[in-house]
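Each remark here refers to the structure printed beneath this line.
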Amino acid sequence: MSCLRTSRYVSTAGLLTTTRAYTSPSSSIQELNRYDNLPSNSRVFSLIQPTGRIHLGNYLGAVKSWRTLSNSNPDSEFLFGIADLHAFTSYKPAAELKDNRYQAIASLLAGGLDTTKCTLYFQSSVPEHSELNWYLTCMTSMGQLNRMTQWKSKAQQSQNSSITDEKVMESTKAGVFCYPALQAADILLYRATHVPVGDDQSQHLELCRNIAKSFNNTYNVNYFPLPKTLLTPAKKILSLKNPEKKMSKSDPVQASCVYVTDSPEDIQLKIRKATTDSIQGAWSFDPVTRPGVSNLINIISGLTNESIEETVASIQHLKDHKSLKDYVAKLIIDEFHDKRQLYDELLKNRDYLDSVCKQGRDKARELASVNIGDIKSIVGMD
Ligand code: TYM
(Lines give C-alpha, C1' and ligand atoms only; values in the text may rest on other atoms or scores of the structure.)
Protein backbone atom coordinates (compact mmCIF):
# COMPACT_ATOMS: atom_id res chain seq x y z
CA MET A 1 0.00 0.00 0.00
CA SER A 2 2.81 2.36 0.88
CA CYS A 3 4.33 1.81 -2.57
CA LEU A 4 0.99 2.78 -4.16
CA ARG A 5 0.85 5.91 -2.07
CA THR A 6 4.37 6.92 -2.99
CA SER A 7 3.73 6.56 -6.68
CA ARG A 8 0.48 8.51 -6.36
CA TYR A 9 2.23 11.45 -4.79
CA VAL A 10 5.06 11.31 -7.28
CA SER A 11 2.55 11.29 -10.09
CA THR A 12 0.42 14.03 -8.62
CA ALA A 13 3.44 16.22 -8.21
CA GLY A 14 4.46 15.45 -11.78
CA LEU A 15 1.01 16.25 -13.02
CA LEU A 16 1.22 19.84 -11.89
CA THR A 17 4.07 20.53 -14.23
CA THR A 18 4.07 17.82 -16.86
CA THR A 19 0.56 16.56 -17.59
CA ARG A 20 0.81 14.45 -20.73
CA ALA A 21 -0.75 16.37 -23.57
CA TYR A 22 -3.20 14.53 -25.79
CA THR A 23 -4.45 15.73 -29.10
CA SER A 24 -7.79 14.63 -30.40
CA PRO A 25 -7.33 11.62 -32.68
CA SER A 26 -8.13 12.28 -36.32
CA SER A 27 -10.66 9.48 -36.27
CA SER A 28 -12.09 8.14 -33.06
CA ILE A 29 -13.33 4.88 -34.56
CA GLN A 30 -10.98 2.42 -36.15
CA GLU A 31 -12.03 -0.82 -37.78
CA LEU A 32 -9.68 -3.60 -36.91
CA ASN A 33 -8.67 -5.91 -39.70
CA ARG A 34 -5.09 -6.26 -38.64
CA TYR A 35 -3.89 -5.99 -35.10
CA ASP A 36 -0.24 -5.25 -35.46
CA ASN A 37 -0.53 -1.55 -36.11
CA LEU A 38 -1.23 0.00 -32.71
CA PRO A 39 1.02 2.97 -31.98
CA SER A 40 3.77 2.07 -29.45
CA ASN A 41 2.85 2.66 -25.83
CA SER A 42 -0.86 2.40 -26.44
CA ARG A 43 -2.92 1.40 -23.43
CA VAL A 44 -5.71 -0.94 -24.43
CA PHE A 45 -8.64 -1.59 -22.12
CA SER A 46 -11.84 -3.59 -22.31
CA LEU A 47 -14.23 -5.51 -20.08
CA ILE A 48 -16.80 -8.23 -20.52
CA GLN A 49 -19.79 -8.95 -18.31
CA PRO A 50 -19.88 -12.21 -16.37
CA THR A 51 -23.07 -13.55 -17.86
CA GLY A 52 -21.97 -17.14 -17.40
CA ARG A 53 -20.62 -19.03 -20.37
CA ILE A 54 -19.14 -17.08 -23.24
CA HIS A 55 -20.90 -17.32 -26.60
CA LEU A 56 -19.58 -17.04 -30.12
CA GLY A 57 -20.49 -13.31 -30.28
CA ASN A 58 -18.45 -12.51 -27.14
CA TYR A 59 -15.68 -14.78 -28.31
CA LEU A 60 -15.30 -13.14 -31.73
CA GLY A 61 -16.33 -9.66 -30.55
CA ALA A 62 -14.04 -9.62 -27.52
CA VAL A 63 -11.90 -12.55 -26.39
CA LYS A 64 -10.32 -13.45 -29.71
CA SER A 65 -9.51 -9.86 -30.63
CA TRP A 66 -8.12 -9.16 -27.12
CA ARG A 67 -5.89 -12.21 -27.51
CA THR A 68 -4.69 -11.19 -30.98
CA LEU A 69 -4.09 -7.59 -29.94
CA SER A 70 -2.12 -8.46 -26.82
CA ASN A 71 -0.08 -11.12 -28.61
CA SER A 72 0.90 -8.90 -31.50
CA ASN A 73 1.66 -5.54 -29.88
CA PRO A 74 4.49 -6.09 -27.39
CA ASP A 75 5.09 -2.32 -27.06
CA SER A 76 1.63 -1.68 -25.67
CA GLU A 77 -0.12 -2.36 -22.40
CA PHE A 78 -3.32 -4.38 -22.05
CA LEU A 79 -5.89 -4.45 -19.28
CA PHE A 80 -8.87 -6.76 -19.63
CA GLY A 81 -11.38 -7.86 -17.09
CA ILE A 82 -14.75 -8.90 -15.86
CA ALA A 83 -17.37 -6.16 -15.55
CA ASP A 84 -19.01 -7.60 -12.45
CA LEU A 85 -20.24 -4.20 -11.23
CA HIS A 86 -22.07 -3.85 -14.53
CA ALA A 87 -23.56 -7.33 -14.13
CA PHE A 88 -24.91 -6.23 -10.75
CA THR A 89 -27.40 -4.00 -12.58
CA SER A 90 -29.61 -7.07 -12.96
CA TYR A 91 -30.28 -9.17 -9.89
CA LYS A 92 -28.73 -12.61 -9.55
CA PRO A 93 -28.64 -14.72 -6.40
CA ALA A 94 -25.21 -14.30 -4.77
CA ALA A 95 -24.08 -17.88 -5.44
CA GLU A 96 -25.03 -17.60 -9.10
CA LEU A 97 -23.21 -14.29 -9.52
CA LYS A 98 -20.12 -15.81 -7.92
CA ASP A 99 -20.24 -18.85 -10.22
CA ASN A 100 -20.69 -16.56 -13.22
CA ARG A 101 -17.64 -14.55 -12.22
CA TYR A 102 -15.51 -17.69 -12.05
CA GLN A 103 -16.93 -18.94 -15.36
CA ALA A 104 -16.09 -15.64 -17.01
CA ILE A 105 -12.47 -15.59 -15.85
CA ALA A 106 -12.06 -19.27 -16.81
CA SER A 107 -13.48 -18.46 -20.26
CA LEU A 108 -10.97 -15.66 -20.80
CA LEU A 109 -8.07 -17.89 -19.83
CA ALA A 110 -9.39 -20.82 -21.87
CA GLY A 111 -9.85 -18.39 -24.77
CA GLY A 112 -6.08 -17.97 -24.79
CA LEU A 113 -5.44 -14.72 -22.93
CA ASP A 114 -1.90 -14.79 -21.62
CA THR A 115 -1.40 -13.13 -18.24
CA THR A 116 2.22 -12.38 -19.06
CA LYS A 117 0.93 -10.12 -21.86
CA CYS A 118 -2.17 -8.62 -20.27
CA THR A 119 -3.62 -7.84 -16.87
CA LEU A 120 -6.79 -9.78 -16.04
CA TYR A 121 -8.92 -8.76 -13.09
CA PHE A 122 -12.39 -8.25 -11.62
CA GLN A 123 -13.72 -4.69 -11.91
CA SER A 124 -15.19 -4.87 -8.37
CA SER A 125 -11.78 -5.69 -6.88
CA VAL A 126 -10.49 -2.23 -7.85
CA PRO A 127 -12.59 0.23 -5.81
CA GLU A 128 -11.24 3.20 -7.79
CA HIS A 129 -13.72 2.27 -10.57
CA SER A 130 -16.60 3.13 -8.25
CA GLU A 131 -14.86 6.24 -6.99
CA LEU A 132 -14.29 7.70 -10.45
CA ASN A 133 -17.78 6.58 -11.43
CA TRP A 134 -19.19 9.03 -8.90
CA TYR A 135 -17.19 12.00 -10.18
CA LEU A 136 -18.14 11.22 -13.78
CA THR A 137 -21.80 10.53 -13.00
CA CYS A 138 -21.94 14.01 -11.48
CA MET A 139 -20.64 15.42 -14.76
CA THR A 140 -23.04 13.51 -17.04
CA SER A 141 -26.50 14.84 -17.85
CA MET A 142 -29.67 12.77 -17.67
CA GLY A 143 -30.22 13.74 -21.31
CA GLN A 144 -26.91 12.17 -22.37
CA LEU A 145 -27.82 8.96 -20.55
CA ASN A 146 -31.39 9.03 -21.87
CA ARG A 147 -30.08 9.04 -25.45
CA MET A 148 -28.24 5.75 -24.92
CA THR A 149 -30.11 2.88 -26.47
CA GLN A 150 -28.82 -0.04 -24.43
CA TRP A 151 -30.51 0.74 -21.11
CA LYS A 152 -33.84 0.59 -22.94
CA SER A 153 -33.40 -3.01 -24.01
CA LYS A 154 -31.91 -3.96 -20.65
CA ALA A 155 -34.88 -2.37 -18.86
CA GLN A 156 -37.17 -4.04 -21.40
CA GLN A 157 -38.40 -0.72 -22.74
CA SER A 158 -39.03 0.14 -26.36
CA GLN A 159 -36.33 2.03 -28.25
CA ASN A 160 -38.37 5.25 -28.37
CA SER A 161 -39.15 5.26 -24.66
CA SER A 162 -37.73 7.98 -22.40
CA ILE A 163 -36.78 8.12 -18.73
CA THR A 164 -39.14 11.10 -18.41
CA ASP A 165 -42.05 8.72 -18.91
CA GLU A 166 -43.50 8.01 -15.43
CA LYS A 167 -43.94 4.28 -16.04
CA VAL A 168 -40.45 3.86 -17.51
CA MET A 169 -38.97 5.81 -14.60
CA GLU A 170 -40.72 3.60 -12.04
CA SER A 171 -39.61 0.35 -13.61
CA THR A 172 -36.02 1.27 -14.51
CA LYS A 173 -33.30 0.86 -11.92
CA ALA A 174 -30.93 3.83 -11.59
CA GLY A 175 -27.94 1.50 -12.09
CA VAL A 176 -29.18 0.36 -15.50
CA PHE A 177 -29.71 3.97 -16.53
CA CYS A 178 -26.36 5.28 -15.23
CA TYR A 179 -24.34 2.26 -16.41
CA PRO A 180 -22.59 4.13 -19.29
CA ALA A 181 -21.02 6.59 -16.82
CA LEU A 182 -19.49 3.62 -14.97
CA GLN A 183 -18.27 2.30 -18.32
CA ALA A 184 -16.61 5.67 -19.00
CA ALA A 185 -15.02 5.52 -15.53
CA ASP A 186 -13.64 2.04 -16.28
CA ILE A 187 -11.87 3.30 -19.37
CA LEU A 188 -10.75 6.71 -18.15
CA LEU A 189 -9.47 5.37 -14.82
CA TYR A 190 -6.56 3.87 -16.74
CA ARG A 191 -6.32 6.73 -19.24
CA ALA A 192 -6.79 4.08 -21.93
CA THR A 193 -6.02 5.07 -25.50
CA HIS A 194 -7.83 2.21 -27.30
CA VAL A 195 -10.92 0.17 -26.47
CA PRO A 196 -11.68 -2.94 -28.55
CA VAL A 197 -15.43 -3.65 -28.59
CA GLY A 198 -18.22 -4.97 -30.78
CA ASP A 199 -20.58 -2.64 -32.60
CA ASP A 200 -23.16 -2.57 -29.77
CA GLN A 201 -20.74 -0.63 -27.54
CA SER A 202 -19.99 2.17 -30.04
CA GLN A 203 -22.53 4.55 -28.55
CA HIS A 204 -21.16 4.08 -25.02
CA LEU A 205 -17.67 4.79 -26.29
CA GLU A 206 -18.83 8.00 -27.96
CA LEU A 207 -20.32 9.09 -24.64
CA CYS A 208 -17.06 8.20 -22.89
CA ARG A 209 -15.15 10.51 -25.23
CA ASN A 210 -17.68 13.28 -24.57
CA ILE A 211 -17.31 12.85 -20.81
CA ALA A 212 -13.51 12.91 -21.15
CA LYS A 213 -13.69 16.12 -23.23
CA SER A 214 -16.06 17.70 -20.77
CA PHE A 215 -13.79 16.83 -17.82
CA ASN A 216 -10.72 18.22 -19.61
CA ASN A 217 -12.58 21.42 -20.53
CA THR A 218 -14.18 21.93 -17.14
CA TYR A 219 -10.87 21.68 -15.29
CA ASN A 220 -8.82 23.16 -18.08
CA VAL A 221 -6.50 20.16 -18.24
CA ASN A 222 -5.47 17.73 -20.91
CA TYR A 223 -5.65 14.76 -18.59
CA PHE A 224 -7.84 12.16 -20.25
CA PRO A 225 -6.94 10.93 -23.71
CA LEU A 226 -9.96 10.52 -25.99
CA PRO A 227 -9.99 6.73 -26.29
CA LYS A 228 -10.34 5.29 -29.76
CA THR A 229 -12.97 2.67 -30.41
CA LEU A 230 -11.34 -0.37 -32.00
CA LEU A 231 -14.20 -2.09 -33.75
CA THR A 232 -13.43 -5.78 -33.73
CA PRO A 233 -13.51 -7.52 -37.14
CA ALA A 234 -16.62 -9.55 -36.27
CA LYS A 235 -18.47 -6.40 -35.24
CA LYS A 236 -21.81 -8.05 -34.71
CA ILE A 237 -22.52 -11.76 -34.64
CA LEU A 238 -26.25 -12.21 -35.03
CA SER A 239 -28.70 -14.66 -33.51
CA LEU A 240 -28.72 -17.95 -35.41
CA LYS A 241 -32.51 -18.11 -35.30
CA ASN A 242 -33.32 -14.45 -35.87
CA PRO A 243 -30.55 -12.64 -37.75
CA GLU A 244 -32.29 -9.32 -37.11
CA LYS A 245 -30.98 -9.41 -33.52
CA LYS A 246 -27.47 -9.75 -32.11
CA MET A 247 -26.41 -13.07 -30.62
CA SER A 248 -27.05 -12.72 -26.92
CA LYS A 249 -27.18 -14.95 -23.89
CA SER A 250 -30.40 -13.31 -22.77
CA ASP A 251 -32.16 -14.61 -25.91
CA PRO A 252 -34.82 -17.06 -24.66
CA VAL A 253 -34.30 -19.21 -27.78
CA GLN A 254 -31.24 -21.24 -26.75
CA ALA A 255 -30.62 -22.48 -30.31
CA SER A 256 -29.88 -18.87 -31.29
CA CYS A 257 -26.59 -18.88 -29.46
CA VAL A 258 -23.49 -21.14 -29.65
CA TYR A 259 -21.41 -21.35 -26.47
CA VAL A 260 -17.68 -22.07 -26.20
CA THR A 261 -18.67 -24.91 -23.86
CA ASP A 262 -21.24 -26.54 -26.17
CA SER A 263 -20.53 -30.13 -27.20
CA PRO A 264 -19.63 -30.75 -30.88
CA GLU A 265 -23.06 -32.40 -31.32
CA ASP A 266 -24.87 -29.33 -29.93
CA ILE A 267 -22.83 -27.00 -32.12
CA GLN A 268 -23.60 -29.09 -35.21
CA LEU A 269 -27.30 -29.15 -34.35
CA LYS A 270 -27.57 -25.41 -33.66
CA ILE A 271 -25.78 -24.50 -36.89
CA ARG A 272 -27.87 -26.97 -38.90
CA LYS A 273 -30.99 -25.24 -37.55
CA ALA A 274 -29.68 -21.72 -38.24
CA THR A 275 -32.04 -19.55 -40.25
CA THR A 276 -30.72 -18.95 -43.77
CA ASP A 277 -32.63 -18.52 -47.06
CA SER A 278 -33.61 -20.49 -50.14
CA ILE A 279 -31.56 -18.52 -52.66
CA GLN A 280 -29.63 -20.87 -54.95
CA GLY A 281 -26.45 -20.23 -56.92
CA ALA A 282 -23.35 -18.29 -55.90
CA TRP A 283 -22.83 -17.35 -52.26
CA SER A 284 -22.97 -13.63 -51.59
CA PHE A 285 -22.56 -11.38 -48.57
CA ASP A 286 -25.62 -9.17 -48.34
CA PRO A 287 -26.86 -8.52 -44.80
CA VAL A 288 -30.10 -6.97 -46.11
CA THR A 289 -31.37 -9.62 -48.51
CA ARG A 290 -29.40 -12.59 -47.11
CA PRO A 291 -29.03 -11.88 -43.37
CA GLY A 292 -28.72 -15.52 -42.25
CA VAL A 293 -26.14 -16.52 -44.86
CA SER A 294 -24.24 -13.25 -44.30
CA ASN A 295 -24.12 -14.00 -40.57
CA LEU A 296 -22.55 -17.39 -41.31
CA ILE A 297 -20.05 -15.74 -43.67
CA ASN A 298 -19.21 -13.21 -40.94
CA ILE A 299 -18.67 -16.08 -38.48
CA ILE A 300 -16.34 -17.86 -40.92
CA SER A 301 -14.44 -14.64 -41.54
CA GLY A 302 -14.10 -14.03 -37.76
CA LEU A 303 -12.78 -17.55 -37.21
CA THR A 304 -10.37 -17.72 -40.17
CA ASN A 305 -9.18 -14.07 -40.05
CA GLU A 306 -9.95 -13.74 -43.77
CA SER A 307 -11.75 -10.68 -45.06
CA ILE A 308 -15.40 -10.98 -46.04
CA GLU A 309 -14.40 -10.86 -49.74
CA GLU A 310 -11.82 -13.63 -49.29
CA THR A 311 -14.32 -15.68 -47.32
CA VAL A 312 -17.02 -15.36 -49.98
CA ALA A 313 -14.53 -16.45 -52.64
CA SER A 314 -13.35 -19.39 -50.52
CA ILE A 315 -16.80 -20.93 -49.99
CA GLN A 316 -18.01 -20.95 -53.60
CA HIS A 317 -17.24 -24.68 -53.88
CA LEU A 318 -19.85 -25.47 -51.20
CA LYS A 319 -22.77 -26.73 -53.21
CA ASP A 320 -25.76 -26.16 -50.92
CA HIS A 321 -26.90 -24.68 -47.61
CA LYS A 322 -26.27 -27.94 -45.75
CA SER A 323 -22.64 -27.99 -46.93
CA LEU A 324 -22.20 -24.38 -45.86
CA LYS A 325 -23.62 -25.14 -42.41
CA ASP A 326 -21.48 -28.25 -41.99
CA TYR A 327 -18.44 -26.19 -42.95
CA VAL A 328 -19.27 -23.49 -40.37
CA ALA A 329 -20.03 -26.08 -37.66
CA LYS A 330 -16.69 -27.81 -38.23
CA LEU A 331 -14.79 -24.52 -37.98
CA ILE A 332 -16.50 -23.68 -34.67
CA ILE A 333 -16.02 -27.20 -33.27
CA ASP A 334 -12.30 -27.11 -34.16
CA GLU A 335 -11.88 -23.61 -32.73
CA PHE A 336 -13.53 -24.49 -29.42
CA HIS A 337 -12.27 -28.07 -28.98
CA ASP A 338 -9.22 -27.41 -26.78
CA LYS A 339 -10.78 -24.35 -25.19
CA ARG A 340 -13.72 -26.36 -23.91
CA GLN A 341 -11.45 -28.90 -22.22
CA LEU A 342 -9.23 -26.23 -20.73
CA TYR A 343 -12.29 -24.34 -19.49
CA ASP A 344 -13.57 -27.44 -17.66
CA GLU A 345 -10.18 -27.96 -16.02
CA LEU A 346 -9.77 -24.31 -15.03
CA LEU A 347 -13.20 -24.15 -13.51
CA LYS A 348 -12.30 -26.97 -11.14
CA ASN A 349 -9.31 -25.01 -9.86
CA ARG A 350 -10.73 -21.96 -8.12
CA ASP A 351 -7.50 -21.40 -6.18
CA TYR A 352 -5.65 -20.91 -9.43
CA LEU A 353 -8.34 -18.55 -10.75
CA ASP A 354 -8.19 -16.60 -7.49
CA SER A 355 -4.42 -16.25 -7.79
CA VAL A 356 -4.67 -14.97 -11.37
CA CYS A 357 -7.26 -12.37 -10.37
CA LYS A 358 -5.35 -11.28 -7.31
CA GLN A 359 -2.23 -10.71 -9.37
CA GLY A 360 -4.27 -8.77 -11.96
CA ARG A 361 -5.99 -6.73 -9.27
CA ASP A 362 -2.67 -5.67 -7.76
CA LYS A 363 -1.35 -4.55 -11.14
CA ALA A 364 -4.56 -2.72 -12.03
CA ARG A 365 -4.70 -1.02 -8.63
CA GLU A 366 -1.18 0.23 -8.94
CA LEU A 367 -2.22 2.26 -11.99
CA ALA A 368 -5.70 3.07 -10.75
CA SER A 369 -4.53 4.47 -7.43
CA VAL A 370 -2.04 6.77 -9.13
CA ASN A 371 -4.65 8.07 -11.56
CA ILE A 372 -7.41 8.53 -9.01
CA GLY A 373 -4.89 10.55 -6.98
CA ASP A 374 -4.29 12.77 -10.01
CA ILE A 375 -8.00 13.09 -10.66
CA LYS A 376 -8.77 14.00 -7.06
CA SER A 377 -6.07 16.58 -7.16
CA ILE A 378 -7.53 18.06 -10.39
CA VAL A 379 -11.05 18.30 -8.95
CA GLY A 380 -9.91 19.54 -5.52
CA MET A 381 -10.60 16.41 -3.51
CA ASP A 382 -7.03 15.71 -2.47
P1 TYM B 1 -20.76 -7.36 -23.01
O2 TYM B 1 -20.39 -8.17 -21.84
O3 TYM B 1 -22.20 -7.33 -23.43
O4 TYM B 1 -19.92 -7.84 -24.26
C5 TYM B 1 -18.50 -7.96 -24.19
C6 TYM B 1 -17.90 -7.63 -25.54
O7 TYM B 1 -18.43 -8.55 -26.52
C8 TYM B 1 -18.99 -7.81 -27.60
N9 TYM B 1 -20.18 -8.55 -28.07
C10 TYM B 1 -20.37 -8.90 -29.34
N11 TYM B 1 -19.62 -8.71 -30.43
C12 TYM B 1 -20.10 -9.20 -31.60
N13 TYM B 1 -21.29 -9.84 -31.71
C14 TYM B 1 -22.08 -10.05 -30.62
N15 TYM B 1 -23.24 -10.69 -30.74
C16 TYM B 1 -21.63 -9.57 -29.36
N17 TYM B 1 -22.15 -9.60 -28.11
C18 TYM B 1 -21.23 -8.96 -27.33
C19 TYM B 1 -19.38 -6.44 -27.00
O20 TYM B 1 -19.43 -5.44 -27.98
C21 TYM B 1 -18.26 -6.22 -26.02
O22 TYM B 1 -17.13 -5.66 -26.65
N23 TYM B 1 -20.80 -2.71 -21.20
C24 TYM B 1 -19.95 -3.76 -21.72
C25 TYM B 1 -18.85 -4.18 -20.75
C26 TYM B 1 -17.99 -3.05 -20.31
C27 TYM B 1 -16.95 -2.44 -21.08
C28 TYM B 1 -16.41 -1.46 -20.22
C29 TYM B 1 -16.49 -2.63 -22.38
C30 TYM B 1 -18.02 -2.47 -19.10
N31 TYM B 1 -17.09 -1.50 -19.04
C32 TYM B 1 -15.37 -0.62 -20.66
C33 TYM B 1 -15.44 -1.80 -22.81
C34 TYM B 1 -14.90 -0.83 -21.95
C35 TYM B 1 -20.80 -4.99 -22.00
O36 TYM B 1 -21.85 -5.15 -21.44
O37 TYM B 1 -20.22 -5.87 -22.86
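The values are calculated or read from the model by the stated rules, or taken from the named source; none is laboratory data. Fair warning: this is a prediction, and the values are worked out from it, not measured in the lab. FYI the Cβ positions are ideal-geometry reconstructions off the backbone, even for glycines, and counts take in every protein chain you see. Ligands, DNA and RNA are stripped out before the accessible areas are found, and what is left, the full protein with its side chains, is counted by its heavy atoms. Shrake-Rupley method; radii C 1.70, N 1.55, O 1.52, S 1.80 Å.
Check LEU136 against each of (1) open to solvent by less than 20 Å² (accessible area, probe 1.4 Å); (2) part of a loop (DSSP other than H, G, I, E, B) and name the one condition it does not meet. Against the list (1) open to solvent by less than 20 Å² (accessible area, probe 1.4 Å); (2) part of a loop (DSSP other than H, G, I, E, B), LEU136 comes up short only on (2). The number of residues in the range 247-281 that are outside any helix (DSSP H, G or I) and within 23 Å of ASP334 (Cα to Cα) comes to 14. Among the residues making up the range 115-129, those that are under 24 Å from ARG67 (Cβ atoms) and either free of Cβ contacts under 8 Å to residues at least 24 places away in the same chain or open to solvent by less than 50 Å² (accessible area, probe 1.4 Å) (or both) are THR115, THR116, CYS118, THR119, LEU120, TYR121, PHE122, GLN123, SER125, VAL126, HIS129. Here is the figure for the range 150-174: residues that are open to solvent by 40 Å² or more (accessible area, probe 1.4 Å) and either part of a helix (DSSP H, G or I) or within 14 Å of the ligand (Cβ to nearest atom) (or both) total 8.
Here PHE78 does not fit the description of being in the same structural domain as SER130 (by TED's automatic domain parsing), modelled with pLDDT of 95 or more and open to solvent by 60 Å² or more (accessible area, probe 1.4 Å).
Taken together, the criteria place LEU238 among residues that are open to solvent by less than 60 Å² (accessible area, probe 1.4 Å) and either more than 26 Å from THR193 (Cβ to Cβ) or touching a residue at least 24 places away in the same chain (Cβ under 8 Å) (or both). Can you find even one residue in the range 288-305 that is in a loop (DSSP other than H, G, I, E, B), modelled with pLDDT of 95 or more and of a type in the set (D, E, K, R)? Scanning the range 288-305 turns up at least one residue that is in a loop (DSSP other than H, G, I, E, B), modelled with pLDDT of 95 or more and of a type in the set (D, E, K, R). Scanning the range 191-218 for residues that are near the ligand (Cβ under 10 Å from one of its atoms), closer than 21 Å to ALA364 by Cβ and assigned to a loop (DSSP other than H, G, I, E, B) returns a single hit, ALA192. Pairing each residue of the range 196-213 that is at pLDDT 95 or above with any residue that is aromatic (Phe, Trp, Tyr) and away from the ligand (no atom under 11 Å from the Cβ), provided the two are 6+ apart or on different chains, yields C-beta distances under 6 Å for ALA212/PHE224. So, of the residues in the range 232-247 that are more than 7 Å from the ligand (Cβ to nearest atom) and among the basic types (Lys, Arg), which turns out to be modelled with the highest pLDDT? Ranking the qualifying residues of the range 232-247, first place goes to LYS241.
Specify which of the listed residues (LEU347, LEU324, LEU331) is part of a helix (DSSP H, G or I) and open to solvent by 50 Å² or more (accessible area, probe 1.4 Å).
LEU347
When every residue of the range 130-148 is checked against the conditions, at least one turns out to be within 13 Å of the ligand (Cβ to nearest atom) and within 30 Å of LEU240 (Cβ to Cβ).
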